[in-house]
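Undergrad: Dumping the structure here so I can ask a few things about it.
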């Protein structure tokens, strides 16, 4: 089966985001007023650069499986979308900042679309 266009687009966005996270982990400014990735994922005492590298690494593995229509890539994307959506929802109610609402909406879109094209991930290759 051909890869659905939405899977390719979602994969590109997550790949681009992972590369940006890796880049910003090198140039991270600890004195910035912004909320870091570590705090967003509920581990404010963890080193920010390490959390960025771990999230980027997980994203790259997830994107590889998702883009290649692997079942484990599908499930990682579902779990990641639910987790990131919940984190964004919690932060949106706490900080009332637009990026968190946008992240939550993106997570819902990815989750909905992934479930919609689920059969592409579960077909047996003959």
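Undergrad: From (1) part of a helix (DSSP H, G or I); (2) at pLDDT below 85; (3) closer than 20 Å to residue 4 by Cα, pick out the condition that doesn't hold for residue 124.
TA: It is condition (1) that residue 124 fails.
Undergrad: Continuing with the same structure: Yes or no: the stretch 66-82 includes at least one residue that is over 19 Å from residue 116 (Cα atoms) and surrounded by 13 or more Cβ atoms within 10 Å (Cβ to Cβ).
TA: Initial filter on the stretch 66-82 (over 19 Å from residue 116 (Cα atoms)): none.
There is no residue in the stretch 66-82 that is over 19 Å from residue 116 (Cα atoms) and surrounded by 13 or more Cβ atoms within 10 Å (Cβ to Cβ).
Undergrad: Kindly provide the set of residues from the stretch 27-66 that are part of a helix (DSSP H, G or I), more than 16 Å from the chain's Cα centre (by Cα) and closer than 19 Å to residue 103 by Cβ, ordered by number. Can you show your working first?
TA: Residues of the stretch 27-66 part of a helix (DSSP H, G or I): 37-40, 48-66.
Filter once more, so that each one left must be more than 16 Å from the chain's Cα centre (by Cα): 48-50.
Passing the criteria: only 48.
Undergrad: In addition: Looking at residue 5 and the list (1) closer than 30 Å to residue 122 by Cβ; (2) within 15 Å of the chain's Cα centre (by Cα), which single condition is not satisfied?
TA: With (1) closer than 30 Å to residue 122 by Cβ; (2) within 15 Å of the chain's Cα centre (by Cα) applied to residue 5, the lone miss is (2).
Undergrad: Closer than 25 Å to residue 6 by Cβ, at pLDDT 80 or above and part of a loop (DSSP other than H, G, I, E, B), is that true of residue 69?
TA: Values: closer than 25 Å to residue 6 by Cβ: yes; at pLDDT 80 or above: yes; part of a loop (DSSP other than H, G, I, E, B): yes.
Taking the combined requirement at face value, the residue satisfies it.
Undergrad: Is one or more of the residues making up the stretch 5-26 assigned to a loop (DSSP other than H, G, I, E, B) and either in contact with a strand residue (DSSP E or B) (Cβ under 8 Å, 6 or more places away or on another chain) or modelled with pLDDT of 85 or more (or both)?
TA: Filtering the stretch 5-26 down to residues assigned to a loop (DSSP other than H, G, I, E, B) leaves none.
So far as the stretch 5-26 goes, no, none of its residues is assigned to a loop (DSSP other than H, G, I, E, B) and either in contact with a strand residue (DSSP E or B) (Cβ under 8 Å, 6 or more places away or on another chain) or modelled with pLDDT of 85 or more (or both).
The values are calculated or read from the model by the stated rules, or taken from the named source; none is laboratory data. This is a predicted model, so every value here is computed, not measured. Cβ: placed from backbone, ideal geometry, glycine included. Neighbour counts: every protein chain shown.
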